[in-house]
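Data first, discussion second: the structure below is written as structure tokens.
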């Protein structure tokens, strides 16, 4: 319908595609380009660096040696004061000797992996059970449950941050490191469970019931039929749902900032990157390299999952 | 009820029980608890005193609240219109197969899956007053602006950057939804319209658009639902653009902390959101 048969039509079509792809990819190209540029090169609008600079990546991945920081003379004087209690001295010394420039990227990445993979795993298990129940079994109250799941799926995190924080405070979880981490973990499960159930529910409905029936006639129980017939048939969808839940957890910032801001050792990548950006150590190449490394796992997952996401098969069930 | 049906119902409840428990405890209960909190003066450490309707009165007499509502309305208007139109254009453009369509598809889906936290830095750099390519383009190359400006630094212009960012990030979803409907429109209808003498534009308005009416309504409604609560995309790119979620976040966790007031804001927002969701479930959902 765009008149692709004529030459001008074809050129117009190619130009439109080119424009669209550039619009989509430009910010990514900018991130990659800046992460590889030397500082003197930042103002240069060209996306191609004059010389490739890998320092930022090396630093983030811990391939350069940490620089030793000298304790300033004035502070040394305070430390030499015999009246000061020993633990105070150690605290001060630690503050000045710790290399503030160092950004423990690996640790943050590990935190992010633990939170998002863990939550996605639990979420997948619960959503398989729930989705099977509401899409295949008939019982009273089923419709109410379906609609409630959809409803809670669409309630954004912003509306829940105050009550969830207060609940965690009331039972004493928010005041401890592990308690906060536990809360965040539960919240990630809750945030991904409805979408998992929704996607899987639609998928299970498309599997012919006769297959299960045949397995049950062969002597399988319903549970065995699910495990031996339904799950193997849904493997691609299970992978997609898992990746989808993983991406949601990996990208999440709001609740991480509410619960973990005061515990730097448990920061996830989004939180750590934001803290780095607002800190005085914000250097474009380092931020861009960190962005690139945060992006990479998602792009890999997406390229895998996109094979199953084509043609709107997720049917509007996607968050965002 | 036969024993078999009873067993099926029992099994069904058993399977869905963990989900009900966890969603009830961590979403439905907090939503109700939020209403309760909105009648209290709530400290960050959990200490509460009953204040009745004071939070609501404070909120409704706060001019910042109204300006947040205004900002949110502009944000919703810009993103809903922009995303729907771009999604539609993308679907029309990419409907017919051509060489390399898979690659193009992957490229345009990338903004949607990429973590907000990493792409905002790319955007911030693009709009950077000193090194950014946007200023370079408009000041040095095209000469439209007389001097370099910090578009993200100024809340008024930052709003439109944030809108553009959202369109960039979420048009792919609109595209997928519209495309799945578009490919199911039968060729016969186009041929019939062509015989009736309609050109490409006439066919678009007389065949395509009526067929897409329902899916476009879906896209608009979904955008409204998701963007009303959009937090990260706005806050991380331009924290000075105060849409309602950011307004609430500042009330609840920064500066002079007033979690009761934040709760009251959320209650009102939930009421509006519920209307959208109700519409969606009633008119659009088939489950």
| For residue B:83, are the conditions met, namely being under 30 Å from residue B:36 (Cβ atoms), within 12 Å of chain A (Cβ to nearest Cβ) and surrounded by 20 or more Cβ atoms within 10 Å (Cβ to Cβ)? | no
Of A:186, A:271, A:231, the only residue that is over 27 Å from residue B:230 (Cβ atoms) and assigned by TED's automatic domain parsing to the domain that holds residue A:288 is A:231
Per the filter on the stretch B:234-255, residues within 25 Å of residue B:45 (Cα to Cα) and assigned to a helix (DSSP H, G or I) are B:235, B:244, B:245, B:246, B:247, B:248, B:249, B:250, B:251, B:252, B:253
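Please go through the stretch B:156-184 and give me each residue that is more than 11 Å from chain A (Cβ to nearest Cβ) and touching a helix residue (DSSP H, G or I) at 6+ places or on another chain (Cβ under 8 Å), ordered by number.
Residues of the stretch B:156-184 that are more than 11 Å from chain A (Cβ to nearest Cβ), as a first pass: B:156-163.
The answer is B:159, B:160, B:161, B:162, B:163.
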Residue hits (the stretch B:1-47; over 30 Å from residue A:119 (Cα atoms), more than 8 Å from chain A (Cβ to nearest Cβ) and without any contact (Cβ under 8 Å) to a residue 40 or more places away in the chain) are B:1, B:2, B:3, B:4, B:6, B:7, B:47
Per the filter on the stretch B:258-287, residues farther than 17 Å from residue A:155 by Cβ and touching a strand residue (DSSP E or B) at 6+ places or on another chain (Cβ under 9 Å) are B:258, B:259, B:260, B:261
Considering the stretch B:112-138, residues that are more than 8 Å from chain A (Cβ to nearest Cβ) and outside any helix (DSSP H, G or I), and then whichever is farthest from residue B:239 (Cα to Cα), we arrive at B:132
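Scanning for something surrounded by 13 or more Cβ atoms within 10 Å (Cβ to Cβ) and outside any helix (DSSP H, G or I), does the stretch B:16-23 turn up at least one residue? Full working, then the answer.
Let us first name the residues in the stretch B:16-23 that are surrounded by 13 or more Cβ atoms within 10 Å (Cβ to Cβ), namely B:16-20, B:22-23.
The next check asks that each one be outside any helix (DSSP H, G or I); those that pass are none.
Among the residues of the stretch B:16-23, not one is surrounded by 13 or more Cβ atoms within 10 Å (Cβ to Cβ) and outside any helix (DSSP H, G or I), which makes the answer no.
With B:244, B:224 as the choices, which residue is over 27 Å from residue B:110 (Cα atoms) and touching a residue at least 40 places away in the same chain (Cβ under 8 Å)?
On the way: B:224 fails: over 27 Å from residue B:110 (Cα atoms).
Residue meeting the stated conditions: B:244.
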*Are any of the residues in the stretch B:94-105 under 25 Å from the mean Cα position of the chain (by Cα), part of a helix (DSSP H, G or I), crowded, with 17+ Cβ neighbours inside 10 Å and at negative phi?*
yes
For this session: Check whether at least one residue in the stretch B:24-37 is surrounded by 12 or more Cβ atoms within 10 Å (Cβ to Cβ) and part of a loop (DSSP other than H, G, I, E, B), and report yes or no.
Result: no
From the option list A:303, A:293, single residue qualifying as at pLDDT below 85, within 18 Å of the chain's Cα centre (by Cα) and either crowded, with 22+ Cβ neighbours inside 10 Å or over 28 Å from residue A:152 (Cβ atoms) (or both) is A:303
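Quick one: is residue B:68 more than 8 Å from chain A (Cβ to nearest Cβ), in a helix (DSSP H, G or I) and within 30 Å of residue A:201 (Cα to Cα)? Full working, then the answer.
Numbers: more than 8 Å from chain A (Cβ to nearest Cβ): yes; in a helix (DSSP H, G or I): yes; within 30 Å of residue A:201 (Cα to Cα): no.
So residue B:68 does not fit the description; no.
Any residue at all in the stretch B:275-284 that is under 30 Å from residue A:262 (Cα atoms) and touching a residue at least 60 places away in the same chain (Cβ under 8 Å)?
In the first step, residues of the stretch B:275-284 are kept if they are under 30 Å from residue A:262 (Cα atoms); the result is none.
Within the stretch B:275-284 (the criterion being under 30 Å from residue A:262 (Cα atoms) and touching a residue at least 60 places away in the same chain (Cβ under 8 Å)), the answer is no, since none of the residues qualifies.
Within the stretch B:48-64, can you find the residues that are over 30 Å from the mean Cα position of the chain (by Cα) and more than 9 Å from chain A (Cβ to nearest Cβ)? Step through it out loud before you land on a result.
Within the stretch B:48-64, the subset over 30 Å from the mean Cα position of the chain (by Cα) is B:48-54.
If the condition is that a residue be over 30 Å from the mean Cα position of the chain (by Cα) and more than 9 Å from chain A (Cβ to nearest Cβ), then B:49, B:50, B:51, B:52, B:53, B:54 are the ones that fit.
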Of the listed residues (B:257, B:201), the one being at pLDDT below 90 and under 25 Å from residue B:153 (Cα atoms) is B:257
Screening A:242, A:255, A:277, A:302 for residues that are under 22 Å from residue A:195 (Cα atoms), at the interface with chain B (Cβ under 8 Å from one of its Cβ atoms), in contact with a helix residue (DSSP H, G or I) (Cβ under 8 Å, 6 or more places away or on another chain) and not in a loop (DSSP other than H, G, I, E, B) leaves only A:302
How many residues of the stretch A:28-51 are at the interface with chain B (Cβ under 8 Å from one of its Cβ atoms), assigned to a loop (DSSP other than H, G, I, E, B) and under 28 Å from the mean Cα position of the chain (by Cα)? The answer is 0
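The values are calculated or read from the model by the stated rules, or taken from the named source; none is laboratory data. Remember, it's a predicted structure, so these values are computed and weren't measured experimentally. In this analysis, Cβ positions are derived from the backbone assuming ideal geometry, glycine residues included, and neighbour counts consider all displayed protein chains.
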